[in-house]
Amino acid sequence: MTIFWPAFIGGIVCVVIGIVILVYRSRLADTNANAQRAVFGKTGDRVAQNSTSGRMGMTGAGIVIVGLVGIVLSLLNLNW
């Protein structure tokens, strides 16, 4: 079986990062909101309202899905 190694390794990295984001989504959302407030000032208050743990969870889930797709496609014997 031929494995496309860049996609396989990248998929594993994405799955690990996505799981870390899912586990620490509340802390990451708070840190992200505070950083946006610090960098953008008044505009950052409005932008920081979008940084919620739910949205961070969706981002983590999306990264896990991208990683799983990369792993599956690397394991299929496709002619890249």
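The values are calculated or read from the model by the stated rules, or taken from the named source; none is laboratory data. Bear in mind that the values here come from a model prediction, so they are computed numbers and not experimental data. Reconstructed Cβ throughout: ideal geometry from the backbone, glycine too, with neighbour counts over all protein chains shown. Ligands, DNA and RNA are excluded from the accessible area calculation, which covers all protein heavy atoms including side chains. Shrake-Rupley method; radii C 1.70, N 1.55, O 1.52, S 1.80 Å.
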Inter-label distance for LYS42 and VAL23, nm, one decimal - labels placed 7 Å from Cα along Cα-to-Cβ = 4.2 nm
Stretch ALA35-VAL66 to full length: gain in nm at 0.36 nm per residue minus the Cα-Cα span?
-> 8.5 nm
Accessible area in square angstrom per residue, the chain, 1.4 angstrom probe | 70 Å²
Max mean-square fluctuation residue, GNM over the chain, Cα-Cα springs under 10 Å, options GLY41, GLY11, GLY67 | GLY41
Which FRET efficiency value, to the nearest 0.05, do you get for TRP5 and SER53 by plugging their Cβ-Cβ distance into 1/(1 + (r/R0)^6) with R0 = 30 Å?
-> 0.30
Any idea what angle helix 5-23 forms with the longest principal axis of the chain, computed on alpha-carbon atoms, 0 to 90 degrees, nearest 10?
-> 30 degrees
Against the longest principal axis of the chain, how steep is helix 53-75, in degrees 0 to 90 to the nearest 10, with axes from Cα atoms?
-> 10 degrees
Would you work out what percent of the accessible area of the chain, with all protein chains in place, is carbon or sulfur (probe 1.4 Å)?
-> 67 percent
Answer with one residue from VAL16, GLN49, LEU75: the one whose Cα lies farthest towards the positive end of the charge dipole of the chain, charges on Cβ with Lys, Arg +1 and Asp, Glu -1.
-> GLN49
Given charges of +1 on the Cβ of Lys and Arg and -1 on the Cβ of Asp and Glu, with all other atoms neutral, how large is the dipole of the chain about its Cα centre, in debye to the nearest 20?
-> 280 debye
